[in-house]
Every structure is written in C-alpha cells, then in structure tokens.
Amino acid sequence: MQQLAVAESGRLESLKNYEAIFNATNEAILIHDAHDGSIVDVNGRMLEMFGYGRDEALTQEIWQLSAGVSPYSQEEAVEKVQRAMLEEPQVFEWLSRKKNGELFWSEVSLKKVVTGGCDRIVAVVREISERKQAEEAVREREQFLQTILQTTADGFWVLNAEGRFVEVNDAYCAMSGYSKQELAGLHINDIEADETPHQTAERIQRIAASGTEFFETHHRRKDASVFPLEVSVSFTKERGGQYVCFCRDLTERKR
C-alpha cells in the first residue's frame, strides 16, 4: 500500500508538471480525437488566442476555428488531419477565426500521438499575424519599386557577380532594341562597345571594391548600332553579389 501511495503521488506530481507546461507555452494547443475530429482538450493559450471559455472551446468544430473559405475550409482542414493520421506530420499556414469572427494568420502543426490507448491529433497553433503583415508590407514595397523602375525613362538593369543580366526594365529594352528575354543571360561584354572584356572585368572588380561608380560609355544595340549612355553603378552583396545599374541615353545631348 505504501508503494502504491508513492507511485500515485509521483503520477499526480507528473500530471501537475504536465498541466503546468501545457498551459505555460506561448502556442495554442488543441488535442483532437483522431477519428471524429472533436476537441478533447485545450490549453490556456488557446482560450486566450481564440477568445473562448474552456467549456465553449471543447464544443467547437474545426470549421468554426477556420476562415471557412477555400483554401481554409472544413474540407481542407479535414484533409490535413487525415494526412496527419497517416503518420505524416503537417506544418502549414492557416487563416483562423476567433469567437468574435475576427480572422488572424496562424502557423499550425499537426501530429498523431497515442495516449491512454486512444489516437489523438495534437494541433499546435502559433499566431503569425504580425509576420504576415510585415511580409505583405515588403511585397507592397517591392511592387511599388518595380512600378517605378518599369515606368521611369532611365534605363535600369541588374548584373550578377559574373556580369550577366538578371533584371532589366522596359526603358533599357527600348534603348538597346533587345527584349527582356533576349537580354536575360547576356554578359555585359555582349553589349559594351568601348571597353575590351579585360577592361570591363577590371571595372567590375573596381566597383565591387569601391561600392559605386559613375561613368560614360557606349553600348551596342541589337541592330549593331551604338549609342552613348551615362551609367551609375552600385554594388550590393545580396544574392552572392550584384551590380545595380541606372543609365541615361545621351544621344540627343551628344548631338
């Protein structure tokens, strides 16, 4: 009896520790019955994140915690649970719904576990609304900059560390007579009319060391004619090293 009492005491202590950890984590945790999808347990963070009381939370279904529209509908949620049931842990972004109807972005991981002889799906939910907002702000900024670069009268192009075109705007295509597809992969030596490949290589190394350079040169159009241009180049270490170039056609000014 004394041994049983000690074992029971240890079990209760372990249970308390489990509950303390379960409720202290910053991620919402929902434990589902793996067969019917019903919620059998939640932690305190889930109640805070979704705005439910404990009794209410245990009566919710998957679709009530989701945006409800594709690709965040009941059908998609059930499919991910079924995959988790097949021993395929799932990690994905999900548009979740609070009790008040407010939608928020979350990162969800699903994994099958067996506890007490029952199959369970443990769902760990992390709110990522701020991260998604930051990503959206970056996308909007990139689109804004792309709009400026594509509508400016000045030519713009980006060379990789080897000196090959990786990006170009419409203005430079109009100057050179090449399409974006034709310029993609061309080396700066293919259009440079004033410098030898060796001289261009020296200039590229010099710009990488100094960070920027401003100069005049001539480029060769697709039809083999040449035109003068003013070039401003800046070197960036992003993506293995790139040369960001702006240029202006000087034909009229030279004339």
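The values are calculated or read from the model by the stated rules, or taken from the named source; none is laboratory data. Predicted, not measured: the structure shown is a model, and the values here were computed from it. Don't worry about glycine lacking a Cβ; one is built from the backbone with ideal geometry, like all the others, and counts go over all protein chains shown. All accessible areas refer to the heavy atoms of the entire protein, side chains included, with ligands and DNA or RNA removed. Shrake-Rupley method; radii C 1.70, N 1.55, O 1.52, S 1.80 Å.
Round to a whole number: what % of the accessible area of the range 207-255 belongs to carbon and sulfur, probe 1.4 Å? Looking at the range 207-255 in its full context, I get 50 percent from C and S. Put simply, the amide H of Asp41, placed in the peptide plane, has neighbours under 5 Å in Ile31, leaving out anything fewer than 5 places away on its chain.
Each of [x] 62, 21, 16; [y] 40, 18, 18; [z] 32, 24, 19 is a candidate for semi-axes √(5λ) of the Cα gyration tensor in Å; the one calculated from this structure is [x].
Between the C-alpha center of the range 199-255 and that of the range 47-69 there is a gap of 58 Å.
Full extension of the chain between Ser179 and Thr251 gives 23.9 nm of extra length, using 0.36 nm per residue less the Cα-Cα distance. With the simple model of a label 7 Å out from the Cα in the direction of the Cβ, Asp223 to Thr236 spans 3.4 nm. Converting phi to 3J(HN,Hα) with the Karplus coefficients 6.51, -1.76 and 1.60 and the offset θ = phi - 60°, the range 48-56 yields 5, 5, 9, x, 9, x, 4, 4, 5 Hz in sequence order, with x at every glycine or proline. For Arg141 and Asp55, the FRET efficiency from 1/(1 + (r/R0)^6), where r spans their Cβ atoms and R0 equals 35 Å, is about 0.20. Note that the range 213-227 has calculated 3J(HN,Hα) couplings of 7, 10, 7, 10, 7, 10, 10, 9, 6, 4, 7, 6, 6, 10, 9 Hz, one per residue in order, obtained from phi through the Karplus relation 6.51 cos²θ - 1.76 cosθ + 1.60 (θ = phi - 60°); glycine and proline are x. Within the range 114-135, what residues put their amide N at less than 14 Å from the label point 7 Å along the Cα-to-Cβ vector of Val91? Those under the cut-off are 124-126.
For an R0 of 45 angstrom, estimate the FRET efficiency from the Cβ-Cβ distance between Thr212 and Cys118 and round to the nearest 0.05. The formula returns an efficiency of 0.10 here. Summing charges over all other residues whose Cβ lies under 12 Å from the Cβ of Ser129, with Lys and Arg as +1 and Asp and Glu as -1, gives -3.
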